[in-house]
1. Debye calculation, C-alpha points only, no solvent: report log10 I(q)/I(0) for the stretch 541-643 at q = 0.20, 0.22 Å⁻¹, in the same order as the q values.
2. Among 412-418, 255-261, how do they line up by average Cβ neighbours within 10 Å per residue, starting with the highest?
3. Just to be sure I understand the curve: with the Debye formula and one point per C-alpha of the stretch 625-729, what is log10 I(q)/I(0) at q = 0.24 Å⁻¹?
4. In whole Å, what three semi-axes, largest first, describe the equivalent ellipsoid of the stretch 410-579 built from its Cα gyration tensor (square root of 5 times each eigenvalue)?
5. How far is the Cα center of the stretch 527-544 from the Cα center of the stretch 674-705, in Å?
6. Need the C-alpha centroid separation for the stretch 579-600 versus the stretch 212-246, integer Å.
7. Lysines near Lys206 by alpha-carbon distance under 16 Å, same-chain residues fewer than 8 away left out - which ones?
8. Return Arg266, Arg155, Arg122 ranked ascending by Cβ neighbour count within 10 Å, so the fewest neighbours appear first.
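Where a number appears in this text, it was derived from the coordinates with a stated rule and is not lab data. Since the model is a prediction, treat every value here as computed from it, not as a measurement. We place every Cβ from the backbone using ideal geometry, glycine too, and count neighbours over all the protein chains shown.
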Amino acid sequence: MDGERCRQPACAGIVEAGFCNLCGVEPPGAVLTVAATTPQISRTAPGSRLSDLIGSTRSRRGNGTTRSSSRKHLGLGMVAVPELPAIDPERAVMADPVVPEYKRFCANPGCHDAEGNPTPLRRRTSGHCPQCGQRYSFEPTLHPGDVVAGQYEVRGCIAYGGLGWIYLAKDSVLNRWVVLKGLLNTADESAAAAAVAERQFLAAVKHANIVGIYNFVKKGPEGFIVMEYVGGITLKEIRKERGPLPPGEAIAYMHRVLAAFSYLHRQGMVYCDFKLENVMVEGDPPDVKLIDMGAVRLIDDRGGDIYGTKGYSAPEAGDGPTVASDLFTVGRTLAVLLMDFRFQGTYEFTLPPPAEQPILARHESLYRLLRKATAREPDRRFQSADEMADQLAGVLREVAAGTGTPKPIESALFGGDLLALRADEGVGVTAADSGVLPELKVHPEDPAANYLLATAAAAPRRQVAMLREALPRFPRSAELLLRLARALMATHEFDEAEKHLAAVEATDPFDWRVTWYRGVSHLLQGRPEEGQNAFDWLYGELPGELAVKLAVAVAAEMARDTGTALRLYELVARTDPAWSAAAFGLARCLASAGRRAEAVEAYQLVPAASSLYGQAQAELARVLIRTSPAVPSPAELTHASQVVEGLAAEGAEHVRLQTEVLATALSLLDSKALAADPSVRLLGQPLDETAVRRGLETAFRQLARLEDDRARQIEFVDSANAVRPRTWV
């Protein structure tokens, strides 16, 4: 029960919402819920300048941009988020505003108990800390009926948190509900200083997903921040009531929150103490809003206290919060929304393995995103909120597609399905081909961007010459070196290509584009295992990008790792049917494994609007008439015949496909593997030997008429004569 001491041996923690706030273990027989958390006040540490913290964002993102995300709607139109009923503000007023004993801690950053935790203050609601002597008070100073600044009529307390009591009040001048935020520990000087800091810079914060700061007022010696009233329900309450949320809904909330983080970071601020209780879901349609700005600080603030919460805070957060430590808390909050796990104990800084959490096993991209967001080393995490939001949107697209609703999104980093663009060339359809991998988009801020776009259509050798010639003109262009390396790979000059990749890597070791091009180089050199390793690493860096998953699948197919190829081809094909290369790859692997019916379904994933639809239907027909590992049934032959007849195609290719269907049927009839059945019709002919021979003879003679090469004409005529029905004449 909440408030009880933890029953684990040698643990002095308190059970809060089903978890011990110290070791994170649930009590025996308890139902797993999200644990409410204990504020953890770390020592003061100098901050860093914003430019030092996010200056590498552009290079870390490769050819991405530093733009703010333009995706404005909760769920991006991919998933439905439950609507919330309207809430009467006065119903939120607490009848007995008391801080529970297990919530009372000394706010002095340097005051800790023997275990290094903030010193507990259990017995009294006010007095002096027995450890450091600092004064404290946990009693609300405003009461119903009080009027602050002659304008704000207090209705009562509605919440309390790490930095202060929160009161509901009515603005008598503007006739609106507002929130007054005071101090939880009203005698704490450092908390008072934090409130002053809020007054100085938070009033300038204006964002749709961040609670508005209206004013800063005083009543006697005490100051209060006047904030927008947000009428909704916190994610903590939603999580506690419903348990783990569906992945689409949980991702939708965090994706939207990242817009607020992006805004704060651009303003030179870090949020520091993000967690479930600091997000409110409100409105119709619903949206999210950050509701507690008490721990926000300027990135370059070299003084002041650092606030965080056990189970959410990054390992290094006590040394000074950064953009990377902020994004760590977003990743942790998403994990807590999705799973029941001991996030304040066993897995305080790690994630449970997929073997323990089925949701992570089902959604590999989500697992990889969480791992990147919560990596122990800050340099391994996302380096900007926009970067994380882009990848989270890609993961959301996969989750939404799993419900049968594909939602294509244009990637900011990669071009589209190259196979579809090259459909007229007929390449990459029947075998794994590194040429089907999409191209990286040119970074628009690169000095050579316009020049590179102008050379993109040149033949490989011409392109190599043009790019070499441009090197002196654009000495600071990483894009130029990367594009030159790619062009050199096309002409099989791999050693020189690697020299240019190494030059980019030496300038920026975090540029993931180098790994992408190395993976391509490995495939072109016939080293698919190395290519697969390179692309798999990129999958962890860019978990929302379909292009990377396609690359892993292509490399895996070439390396005969059929299981990986099947899994990722299917993921890409079902997430966005426009990626026809994935559907072809999936069908190839299934057909090779003898899974004919599934291969047919894979080819059917190619939409009718695709330029590759006709080729997909042709390959579908060929799968149906394969004689290995089992001979096709009359139903499968009929299906193949119907597909061929339904193709809106003319010319030799269409006739050649007809000959394949009829030749297969004749072979099966001759070998007695298939019995004649006049009720079955193939391309207009009944399924008996004479009719099939007649139809095949006609097809071969059509091919001869369509052929320009004299030798081939003779071959087709000979084939027609060989299969013609036997006669006595």
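1. For the requested q values the scattering log ratios are -0.95, -1.09.
2. Highest-to-lowest ranking by the protection proxy: 255-261, 412-418.
3. Once normalised to I(0) and log-transformed, intensities are -1.32.
4. Working through the eigenvalues yields semi-axes of 26, 17, 16 Å.
5. Taking the Cα centre of each part, the stretch 527-544 and the stretch 674-705 sit 49 Å apart.
6. If we compute the Cα centre of each part, the gap is 52 Å.
7. The reachable lysines, counting only those whose Cα sits under 16 Å from Lys206, are Lys72, Lys289.
8. The most exposed by this proxy come first: Arg122, Arg266, Arg155.
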